[in-house]
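**Q** Would you mind keeping the following structure in view while I ask a few things?
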Amino acid sequence: MEVVEILFVIYVITLVFLCPYTKVEESFGMQALHDLLYLRTNISMYDHIYFPGVVPRSFLGCLLVGSIVSPIIYLSTLLRMDKFISQYIVRICLGLLTTLSLIKFSHCVKKVFGKHVYLRFFMICCSQFHLAFYASRALPNIYALMLVLYSL
C-alpha cells in the first residue's frame, strides 16, 4: 500500500470515531445489520417484519458486512461489550471495504494514466469530506459504490 492509500484509510477510520452517531438515512442499514448480527436466524423478530417501510430494500449489502464482522461481534457479546461498540466495528469494516474498492480503482487509474494522475486522484479523494465520511455509512449508495468501483 502506498502512503496516500494508508492516509485515506486512517482518514475514514478517524471519521468513524469523530462522527459515531447514525443519520436517519442509514437507519434501515444499521437496523438490518443489528438484526442479522444479534437475532441471526430468528427472522420473525426482525425489525423489518414489523415495520417493512414503503420502499422495498435489499439486505445483500448488510449480509456481506454482517458475515465479515459476525465473529468479532460474537466475541464482543461474549465479553459483554456495549452494543454501541458493534456499531464502530460495523462502520470500520464498511469503511475498509469501501476504501479497498477505491484503492483497487486507483490502481487501475495508475496503470492507465500514470502515478501523477493516481496521486492527484487520491489528493482529491482526501480533500472531499463527504467521500470519507459516507464510506463507513450503511447506505445503499455505499454498497453500490463498492460494486461500481470494483467493476470499473
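The values are calculated or read from the model by the stated rules, or taken from the named source; none is laboratory data. Since the structure is predicted, the reported quantities are computational estimates derived from the model, not experimental observations. With ideal geometry, Cβ positions are generated from the backbone for all residues, glycine too; neighbour counts draw on all protein chains shown.
**Q** In segment 142-152, what residues are assigned to a helix (DSSP H, G or I) and either surrounded by fewer than 17 Cβ atoms within 10 Å (Cβ to Cβ) or of a type in the set (Val, Ile, Thr) (or both)?
**A** Answer for segment 142-152, where residues must be assigned to a helix (DSSP H, G or I) and either surrounded by fewer than 17 Cβ atoms within 10 Å (Cβ to Cβ) or of a type in the set (Val, Ile, Thr) (or both): 142, 144, 147, 148, 150, 151.
**Q** Hey, another quick one. Can you pull out every residue in segment 105-141 that is aliphatic (A, V, I, L, M) and in a helix (DSSP H, G or I)?
**A** 109, 112, 117, 119, 123, 124, 131, 132
**Q** Please verify whether residue 26 is touching a residue at least 40 places away in the same chain (Cβ under 8 Å), surrounded by 14 or more Cβ atoms within 10 Å (Cβ to Cβ), within 22 Å of residue 133 (Cβ to Cβ) and within 14 Å of the chain's Cα centre (by Cα), treating the condition exactly as stated.
**A** yes
Residue by residue, here is whether (1) hydroxyl-bearing (Ser, Thr, Tyr); (2) modelled with pLDDT of 95 or more; (3) within 19 Å of the chain's Cα centre (by Cα); (4) crowded, with 20+ Cβ neighbours inside 10 Å holds:
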{"position": "83", "(1), (2), (3), (4)": "no, no, yes, no"}
{"position": "87", "(1), (2), (3), (4)": "no, no, yes, no"}
{"position": "96", "(1), (2), (3), (4)": "no, yes, yes, no"}
{"position": "99", "(1), (2), (3), (4)": "yes, yes, yes, yes"}
{"position": "112", "(1), (2), (3), (4)": "no, yes, no, no"}
{"position": "116", "(1), (2), (3), (4)": "no, yes, no, no"}
{"position": "123", "(1), (2), (3), (4)": "no, no, no, no"}
{"position": "127", "(1), (2), (3), (4)": "yes, no, no, no"}
{"position": "140", "(1), (2), (3), (4)": "no, no, yes, no"}
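**Q** I need the helices (runs of 4 or more DSSP H) fully contained in segment 1-79, keeping only those with at least 3 residues that are at pLDDT below 90 and not polar (S, T, N, Q).
**A** Correct list: 27-34, 47-50, 60-78.
**Q** Residue check, residue 92 against (1) under 28 Å from residue 149 (Cβ atoms); (2) at pLDDT below 95; (3) within 16 Å of the chain's Cα centre (by Cα), all met but one. Which one?
**A** (2)
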